[in-house]
Amino acid sequence: MASRALAFADPEVIRLATEAFIPVAENCSPLQTQRDAKGEFFRLVAEQGHYGGRTVPSATRQGQYAFTAGGHLLASINTREADKMRAMMAQALERWRSLRRGSDASSVGGTDAVPAPYERDPRYPSFYPEDGLVLKQTMRDLPRPASHPIPQARPDAINFDYAWFTKAEMPLFLPSVPRRGERVDLPWPIVRRLARFHLLDSVRGETPPWREDHVRHARISVEVTAVEDTRVYLRLEGAVLNQQEGAWAIRPFRQKWDGLARGYDCRLLGDLVYDTKSQQFERFDLLAVGERWGGTEHNARQEDLLPAPMGIAFERAGNTPVDRTPPHANLWDYFDIPAERRPR
């Protein structure tokens, strides 16, 4: 989770991670069951760590792990706190030095060995939309009026995600005949993906996606504002209301409470530029602004349940490895893949 920036923004953690370690970020959710060499290696490391063997209250293996190339665990923790992260890294370095003093490099997982190629678990194919549209999403709380009953907490909290659309889906963002003044509502597959999986309160931590029936209202349209040579300029506007009522916990692994509600009521506004020659978006700047309320088990809103302003921004992602990070959503639901094609 990007909310772990509370630890990883610490200057000493940054220094240690860049000078003394080789940093790697992975999604533990598929790796916990992935049937290939990568999944097996992750489980080898994780089962030596802080949650090794645990099945209750959950079987997650998320956290931070320091280990050798041979899979020897040096230290691990699951924290967002910089001081605890620094302590774990210091412990790992001391154990590494101790191992190096008592053994040759190969016995503790030397770095000279090149990992052998492996066949990826076919249940987890790569869904990255080559030649498609990849958006980086940034979400954060917005300033509150002085009259708000709950003062703004964690004003620097910020989180990120990525939104994916395939090459075949990109024309769905335009009218069939892109002339100035032409206006069209975006089709449900596009609106559904944005509303259910991206218009979420994940500012401080992760929260479950909305189900279909939680999307109470969602309409997004685009209007052609200009056409210049091969470029089509578009203005995107819309409104989405997501809301859920029921019983759930708002503190991790605690009692569920009845009569809870969470929601996000927002307006959307965007400026888009599409090049019909390259069939790519040159610009995709989209902003959602509105009020969020309620909390869920892992989004750290326990003391901040009343309606308050929140903003979510989308922009074209780059081409670095980090920009290939998958959306946090379950990709089988994300792309609405039939049940018979989902992993078992």
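Listing for the model above:
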| item | result |
| --- | --- |
| Flag if E245 is assigned to a strand (DSSP E or B) and without any contact (Cβ under 8 Å) to a residue 24 or more places away in the chain | yes |
| Lone unmet requirement of (1) surrounded by 16 or more Cβ atoms within 10 Å (Cβ to Cβ); (2) of a type outside the set (A, V, I, L, M); (3) under 21 Å from the mean Cα position of the chain (by Cα) for H50 | (3) |
| Some residue of region 130-151 being within 24 Å of I220 (Cβ to Cβ) and assigned to a helix (DSSP H, G or I) | no |
| Number of positions in region 305-322 that are over 19 Å from L272 (Cβ atoms) and modelled with pLDDT of 95 or more | 6 |
| Failed criterion for A247 (all others in (1) under 29 Å from Q152 (Cα atoms); (2) aliphatic (A, V, I, L, M); (3) under 23 Å from the mean Cα position of the chain (by Cα) hold) | (3) |
| Residue in region 231-242 that is at pLDDT below 95, acidic (D, E) and either surrounded by fewer than 19 Cβ atoms within 10 Å (Cβ to Cβ) or touching a strand residue (DSSP E or B) at 6+ places or on another chain (Cβ under 9 Å) (or both) present | no |
| Check on L260, touching a His at 6+ places or on another chain (Cβ under 7 Å), surrounded by 16 or more Cβ atoms within 10 Å (Cβ to Cβ) and assigned by TED's automatic domain parsing to the domain that holds R196 | no |
| Sole exception among (1) modelled with pLDDT under 95; (2) in a helix (DSSP H, G or I) for T111, by number | (2) |
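The values are calculated or read from the model by the stated rules, or taken from the named source; none is laboratory data. Quantities reported herein were computed from a predicted structural model and do not represent experimental measurements. Cβ: placed from backbone, ideal geometry, glycine included. Neighbour counts: every protein chain shown.
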